[in-house]
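Undergrad: Dropping a structure here in structure tokens format, bear with me for questions.
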Amino acid sequence: MKRWQSALAALLTMVMMCGALMVGASAAGTNSLPYEIKVNRKMNTVTVYTQDEAGNYTVPYKAMICSTGRLGHATPLGSYSVTSVKKEWCLMFDGTYGQYSTQFFGNYLFHSICYTAPDPATMLAQEYNMLGGVASLGCVRLQTADAKWIYDNCAPGTRVTIYDSDDPGPLGKPERAVDVVPADCGWDPTDPRAENPWTQIPVEEIQLSQEELELQAGDAAALEAVCLPEDAGVKSVTWESSVPEVASVYGGRVVGLGEGTAVITAKCGKAASSCTVTVTGELLPFSDLAAGAWYYDDMRFATAKEILNGTGDGKMEPNGLVSWPAALQIIYNLAGRPKAESKIPNWYGEALAWSEDNGLLDGLTFDAEKPIGRAEMVTLLYRFAQKKNQRLTVEASLDDFVDADAVPAYAQEAARWAVEQGILKGDDSQRLNPESPLTRAQIAALLRRYIEK
């Protein structure tokens, strides 16, 4: 068949798939189905959720690394549903093939990395090595094992949400099974077929970094697994928990969920190794605090110290922004709420008056209607520490941060002090983001580090 004929056939297939979408969209409500899929387009991560006791999809079940649409071919944001259109091998518009394709909207599919033919030995290695970044024509590309999992387990009607966030999700962003696949390798390392050359040398032993682990409910810890022999094929480890309600696990990341004991088992082929996890305490009573999130322990500290309270309706709003009045009130509370003569009849009046009287606001612009920025909050903390006659040394440099020049002049000394004390840290890309507004989770972390330093 000529290439233009192949492309035409693919186009006709997709037209039929669009019609099938209407059938899938009218399927039974998602609450009758076991899973819900969320695709974080910005982080190129897929998280599968299952139901909690109330029937809501809040329990993180599985995470997958993916590639979404590249520039000019963005995967569409929105809420969709898996349709009945699934193909073990699907011809794409560019003449390549995808394994285990599952349609969720029009021409948009979940599928494997592309192949030059409907043959598992013809995978395009360079496309595999791009997993975790944008690469596709709009579909969601996955490792073969992950594409097959959706193909096998997600029935028509399964809800699919495409969104953007800097947070990869509660299970984090997984890594590729093999970091870099050689250019002459035509197999996906995760392909379950017996003839896959990656699996020819089996793993015989797994060594875990810990045999016992203690966690508080809501906290997380990482287990590392070493697969032996070193020259084994794909060292793809699967993890399971004997009591998921006590401790969940994905990719070696263990999250304490409830008081009790659970056994975490790592498996690869016939090899297995276990770690006993003991969880104490209870989860915080806020529905929007994800157990195992980076901020969870900081939020526990902040609520215990009454630095932060819930915002109502059982929520804590960790990603909510901190207003200037709230920031001043927090500093004022740390100072012990000394007497101050307020000229305004607002709830934050004394905090504002005390801050002005003690020079905390010199050179800063207080605006009750705006959120406080990271540099501004660090400056308040620094001046508060000076007010307490703490011995402050400022020897650190900001040169390790790529946006050091973006730190305002008034905040330079405060930022260097905060970095030196371990109070202020950069993000994964070594940025301080000094002008970014401060979230409730971030202020909880800053204050915990300040108080415990």
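Undergrad: Arranged from highest to lowest average of other beta-carbon atoms within 10 Å per residue, in what order do the peptides 223-233, 253-263 appear?
TA: 253-263, 223-233
Undergrad: How high is the relative contact order of the range 32-102, in percent, counting Cα pairs under 8 Å that sit 6 or more residues apart?
TA: Over the range 32-102, the number comes to 18 percent.
Undergrad: Could you tell me the extents of the range 346-414's C-alpha atoms along the three principal axes, largest first, rounded to whole Å?
TA: 42, 30, 16
Undergrad: For volume of the Cα convex hull per residue in Å³, pick the label among [x] 134; [y] 150; [z] 181 that corresponds to the value derived from the coordinates.
TA: Calculated volume of the Cα convex hull per residue in Å³: the matching label is [z].
Undergrad: Name the residue farthest towards the positive end of the dipole of the range 296-452 from the options Leu361, Gly312, Met377, assuming +1 on Cβ of Lys and Arg, -1 on Cβ of Asp and Glu, about the Cα centre.
TA: Ranked along the dipole, the leading option is Gly312.
Undergrad: Helix-only estimate, please: 222 nm mean residue ellipticity of the chain, summing -39500 (n - 2.57) across DSSP H runs of length 4 or more and dividing by its residues, to the nearest 500.
TA: -7000 deg cm²/dmol
Undergrad: Within the range 142-176, find all residues whose amide N lies under 17 Å from a label point positioned 7 Å from the Cα of Thr58 along Cα-to-beta-carbon.
TA: Those under the cut-off are 170-171.
Undergrad: In a shell of Cβ-Cβ distance under 15 Å around Lys86, excluding Lys86 itself, what net charge do Lys and Arg (+1) and Asp and Glu (-1) give?
TA: Local net charge: -1.
Undergrad: Give, to the nearest whole percent, the P(r) tail of the range 296-452 beyond 21 angstrom, counting all Cα pairs.
TA: Here the long-distance tail beyond 21 Å is 45 percent of all Cα pairs in the range 296-452.
Undergrad: Next question. So what is the relative contact order for the chain, in percent, with contacts set as C-alpha pairs under 8 Å and at least six apart?
TA: 10 percent
Undergrad: What are the ³J(HN,Hα) values, in whole Hz, obtained from phi via the Karplus relation 6.51 cos²θ - 1.76 cosθ + 1.60 with θ = phi - 60°, for each residue of the range 245-252 in sequence order, with x given for Gly and Pro?
TA: For the range 245-252, the Karplus-derived couplings read 6, 8, 8, 9, 8, 8, x, x Hz, x marking Gly and Pro.
Undergrad: Send over the per residue convex hull volume for the range 170-225, Cα only, as a whole number of Å³.
TA: Convex hull volume per residue, Cα atoms: 134 Å³.
Undergrad: Taking Lys62 as the anchor, which lysines have their alpha carbon closer than 30 Å to its alpha carbon, excluding any fewer than eight residues away along the same chain?
TA: Lys38, Lys42, Lys86, Lys87, Lys148, Lys173, Lys235, Lys267, Lys270, Lys315, Lys425
Undergrad: With a bin width of 10 angstrom, please list the P(r) values of the range 201-280 as percents of all Cα-Cα pairs, from the 0 bin to the one holding the largest distance.
TA: 22, 50, 22, 7, 0
Undergrad: Give me the number: length gained by fully extending Asp400 to Glu306, i.e. 0.36 nm times residue separation minus the C-alpha to C-alpha distance, one decimal in nm.
TA: Answer, rounded to one decimal: 30.4 nm.
Undergrad: Largest first and in whole Å, give the semi-axes of the range 111-156's equivalent ellipsoid, each being the square root of 5 times a Cα gyration tensor eigenvalue.
TA: Ellipsoid half-lengths, sorted descending, are 18, 14, 9 Å.
We did not get these values from a lab; they are worked out from the coordinates using the rules stated. Because the structure is predicted, anything quoted here is derived from the model rather than measured. When we count neighbours, we look across all protein chains shown, and the Cβ atoms used for this are built from the backbone with ideal geometry, even at glycine.
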